[in-house]
């Protein structure tokens, strides 16, 4: 159990109608003007936008609107928003949407207080020393961004899907109302399940030493995601299942399941970021393709932990059986497990390997994930 | 899954030698003088006191010493310390010790900024509106006080063991170095195990609705405590086991295992506080007596959850088997399960019931825990 320091300052407001409190939370911090970031116009049609604006107005908070953030959010939009935030002297960013909106909001928050190019933070040319406060209403449970320091954005020009991390990027307040997540499509529900499972297994399998207690929390999160996804596919209105799914998503990447681990890495994310950057694959769908392939390549390096996974999550005994059970479950609920499901062919592998190797360098994993290794893994996903 | 708001501001500095950083953490908050609270002189003999003082001095922090805090900490000592803190204009309280020292430190922190009697907070006559910042080095893993808002103190005159809770009482920084906990006696290790299990099961069994994901975290904590206690009884120097035990203790009562629960209560603590107040029984030892008795009385009210407990923690199927397995485990590791082990006799029950009923009123549980019910439970513990 290696040394760690942990402090997570984000306030979670969880439950029904909590979005109505957002203006009050922002006003508590004495903020008078926000940039209101969102994705599609759906929030205008379903009433959420009006609810949020009413809460802001009740609390005397002005807002500048920035809609149109897409999934796999892009740098050009972040640039546009940074300019807008600066021009209007926004004092905070309010994100209303899923992880893509929130990740963009975090990048905007850092960019708004920086004179240079916000991309500098992503490529390690500069370190985030301050950021505007970020508030959010999270409408898709997947990224865990609502309680962590991370943000991932794609530079469309260079085809780099890169991330930033800074304690300045913890949201101040995150609203998680499971009812707002009911409208998520079945497709995105199962992609999100894959995303949460990916966040769970990266540390679980790659750490060179891993406390049992943390492993048990991870298994609780994965089991919750599997069970509640099945419940929600049968009945999208099951509030408790929706709530437990959402909380598992938050817990999977808020740091608590990475405490005391030694030497872990995020290889599945590293490879998936390439699929999203080159083919605009939904992140979770890309992950459900990468994970079984990576696991089959990696299993012999940590067989005991795979046996444990097999036993605790699926009640099986053999390491390989657990991997196959996970892959079968992905197939059963309908998230892809093969590159061919994205119409990606063997002839695309060169470009994928090239881009993924760039990620490996950015992740500091190029020594292990050579081009030959990346190809070997990807071939298992064809 | 009921609505909740959660924010836990405590910074955890976990691991080897972390106590050496305490001065730096306090200095970061621009504090120049602390009241240094501790228990016995053991910390002077084993070098911890010197390490702490060196860290304070390096960071230009003065200190006023207050030793002699006992387990089941008493109000008279808190009074003495409040006067000392006021007289010396202490800007913070630094607790070096276990839960008793830290709980006292929290009471002192609230009392130091209050003109009235600090006991007012315990009996609901006044509400804590501010408190000095509290820092701690926790040398016994049990109470969870290092990451929560609670403190329990005994008024020796009135024989009331009562608690306070306030967001102002979250420690700023808690140092958890498992190596410092190696010197805990086997006796106190097993009492502590009972304490952590008690913190775990109160919400788990009493909540009228309980999310599965939270139940799974609770089971992870209990399983960790059971396994690591056995490891530590065989080898007190097992650092990883010591670390996992400590982290389970922190997680069991830092709020995370109580999120989304509806209508829970702390009846085992309510009854145990009487045993400590009247007979100065060690808190954990009292809890291992109360829990099996309470469970046998309560099991029919929530049989499904007891079946789950039996299955998940002990691999058994029947509700009652799980209770018996827990009681057997307490006996095996050597923490008491009968009042007679404290030389408490049937003739003492009147006084116990009377005092416990006072607690029930203070806990708001007097409607359920009538004197007849309390007697029924206690008779099962004779």
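Laboratory data are not the source of any read-out in this text; all were calculated from the coordinates shown. For clarity, every value in this text was computed on a predicted model and none was experimentally measured. Because the Cβ atoms are built from the backbone with ideal geometry, glycine has one as well, and the counts that use them run over all protein chains shown.
Note on residue A:361 and residue A:301: the extension gain reaches 19.4 nm, defined as 0.36 nm multiplied by sequence separation minus the Cα-Cα distance. Mean per-residue shielding of peptide B:258-271 is 1, counting Cβ atoms of other chains within 10 Å of each Cβ. Spatially, region B:45-93 and region A:37-88 are offset by 50 Å when compared through their Cα centroids. Assuming a ≥ b ≥ c are the square roots of the Cα gyration tensor eigenvalues, decide whether region A:185-379 counts as rounded (a/c under 1.5), prolate (otherwise, with a/b larger than b/c) or oblate. Taking the square roots of the gyration eigenvalues as a ≥ b ≥ c, region A:185-379 is oblate. Look at the stretch A:13-25: the mean tally of other chain Cβ atoms within 10 Å of its residues' Cβ atoms is 2. Taking the Cα centre of each part, how many Å lie between region A:160-179 and region B:353-376? Rounded to whole Å, the Cα centres lie 46 Å apart.
Determine, from the Cβ-Cβ distance of residue A:120 and residue B:209 and an R0 of 45 Å, the FRET efficiency 1/(1 + (r/R0)^6), rounded to the nearest 0.05. Intermediate results must be reported in sequence, preceding the final value.
On the way: r = 49 Å, r/R0 = 1.08.
Efficiency, from the Cβ-Cβ distance: 0.40.
Neighbouring Cβ atoms from other chains, within 10 Å of the Cβ of residues in A:226-232, number 1 on average. Counted by neighbouring Cβ atoms within 10 Å, the residues A:379, B:129 run from fewest to most as B:129, A:379.
Order of A:184, A:175 from fewest to most other C-beta atoms within 10 Å? Provide the component values of the computation, followed by the final result.
Values: A:184 21, A:175 26.
Lowest count first: A:184, A:175.
Packing order of peptides B:260-267, A:339-346, B:191-198, A:251-258, highest average first: B:191-198, A:251-258, B:260-267, A:339-346 (average count of other Cβ atoms within 10 Å over each peptide's residues).
Modelled spin labels at residue A:86 and residue B:371, positioned 7 Å past Cα toward Cβ, are 7.6 nm from each other.
Using a Gaussian network model of chain B in which every pair of alpha carbons under 10 angstrom is joined by a spring, one finds that among B:234, B:13, B:54 the greatest mean-square fluctuation is at B:234.
Taking B:155, B:302, B:177 in turn, the Gaussian network model of chain B (Cα-Cα springs below 10 Å) assigns the largest fluctuation to B:302.
Counting other beta carbons within 10 Å of each residue's own, what order do B:11, B:18, B:33 fall into, fewest first?
Numbers: B:11 20, B:18 23, B:33 16.
Placing the least packed residue first, the sequence is B:33, B:11, B:18.
For region A:198-296, the pair-distance distribution built from all alpha carbon pairs, in bins 5 Å wide starting at 0, is 2, 13, 19, 20, 21, 15, 8, 2, 0 percent. Remark: C-alpha extents of the protein assembly as shown on the principal axes read 84, 56, 50 Å, sorted largest to smallest.
Restricting to Cα atoms and excluding each atom paired with itself, what does the Kirkwood estimate give for region B:176-246 in Å? Please list the in-between numbers first.
Working: mean 1/r = 0.0782 Å⁻¹.
About 12.8 Å for region B:176-246.
Can you compute the equivalent ellipsoid semi-axes for region A:233-278, i.e. the square root of 5 times each eigenvalue of the Cα gyration tensor, sorted largest first and rounded to whole Å? Working shown, then result.
Values: eigenvalues 150, 75, 9 Å².
After diagonalising the Cα gyration tensor, the semi-axes are 27, 19, 7 Å.
Label point 7 Å out from residue B:233 along Cα-to-Cβ: which residues of region B:191-224 have amide N under 20 Å? Correct set: B:191-201, B:220-224.
Tell me what the protein assembly as shown gives for mean residue ellipticity at 222 nm when only DSSP H runs of n ≥ 4 count, each as -39,500 (n - 2.57), the sum divided by the residue total, rounded to 500 deg cm²/dmol. Display every interim value, and only then the final one.
Working: 30 runs with 380 residues, N = 764.
Rounded to the nearest 500, the figure is -15500 deg cm²/dmol.
The modelled label-to-label distance for the pair residue A:343/residue B:350, using points 7 Å beyond Cα in the direction of Cβ, is 8.8 nm.
Sorting the segments A:325-336, A:271-282 by their mean number of nearby beta carbons within 10 angstrom, highest to lowest, gives A:271-282, A:325-336.
How much length is gained on full extension from residue A:45 to residue A:27, taking 0.36 nm per residue of separation minus their Cα-Cα distance? Please report the intermediate quantities before stating the final value.
On the way: separation 18, 0.36 × 18 = 6.48 nm, distance 2.61 nm.
Answer, rounded to one decimal: 3.9 nm.
Averaging 1/r over each pair of different alpha-carbon atoms in chain A and inverting the result gives 21.0 Å, the Kirkwood hydrodynamic radius. Label-to-label distance, residue A:70 versus residue B:321, with points set 7 angstrom from Cα along the beta-carbon direction: 5.8 nm. Each part gets one Cα centre, and for region B:234-290 versus region B:205-233 those centres are 11 Å apart. Kirkwood radius and radius of gyration were both taken over the C-alpha atoms of region A:11-180, and their ratio Rg/Rh is 0.94.
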